[in-house]
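Only one structure is covered here, and it is reproduced in the block below.
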Amino acid sequence: MSDPYSQQPAGQQQPPYGQPYGAATQEHPQGTMILVLGIVGFFVGICGPIAWYMGRKVQKEIAATGVHYSNEQNINIGKILGMIVTILAIIGLVFGIIFAVIAIIAASSASTYGG
């Protein structure tokens, strides 16, 4: 009789050293692009909302299918960077509008009083 601890059952393979059981081995095709768009968003503002949208869409897809990918962390980081860039852009836009309104009011009051 053989020792039950000496061999793996037929059809089962042990994962490589350092990797947990059931580790995802495939990458999502859009994972790297979402991360890059999130980073580039700091320099080109329109990329931030795109990264946020794509990251949210891919995370919904992953939740619906239940398939896990090895680059899910890249997707999450890219989405968060996209959120940060978008929020900063909105805050900048609000401050820009406030500044423009103040400048218009100051210019119109200066011309009214002959200054």
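The values are calculated or read from the model by the stated rules, or taken from the named source; none is laboratory data. In this text, all values refer to a predicted model and were calculated from it rather than measured experimentally. Every residue, glycine as well, gets a Cβ built from its backbone with ideal geometry; the counts of neighbours run over all protein chains shown.
Odds and ends about this structure:
- Residues satisfying the stated conditions in region 68-115, i.e. within 17 Å of Thr32 (Cβ to Cβ) and either part of a loop (DSSP other than H, G, I, E, B) or of a type outside the set (A, V, I, L, M) (or both): His68, Tyr69, Ser70, Asn71, Glu72, Gln73, Asn74, Asn76, Gly78, Lys79, Gly82
- Contacts under 8 angstrom Cβ, first residue in region 86-115 being surrounded by 10 or more Cβ atoms within 10 Å (Cβ to Cβ), partner modelled with pLDDT under 95, 6 or more apart: Ala89/Gly45
- Near pairs, Cβ below 9 angstrom, 6+ apart or cross-chain, from region 32-44 (without any contact (Cβ under 8 Å) to a residue 12 or more places away in the chain) to any residue that is small (Gly, Ala, Ser): Val40/Gly48; Val40/Ala51
- Residues of region 22-38 classified as surrounded by fewer than 17 Cβ atoms within 10 Å (Cβ to Cβ) and part of a helix (DSSP H, G or I), total: 2
- Residue-level check: of (1) surrounded by 15 or more Cβ atoms within 10 Å (Cβ to Cβ); (2) at pLDDT 95 or above; (3) not in a helix (DSSP H, G or I), Gly45 misses just (2).
- Residues of region 48-66 classified as more than 30 Å from Leu93 (Cβ to Cβ) and either in contact (Cβ under 8 Å) with a residue 24 or more places away in the chain or not in a loop (DSSP other than H, G, I, E, B) (or both), total: 5
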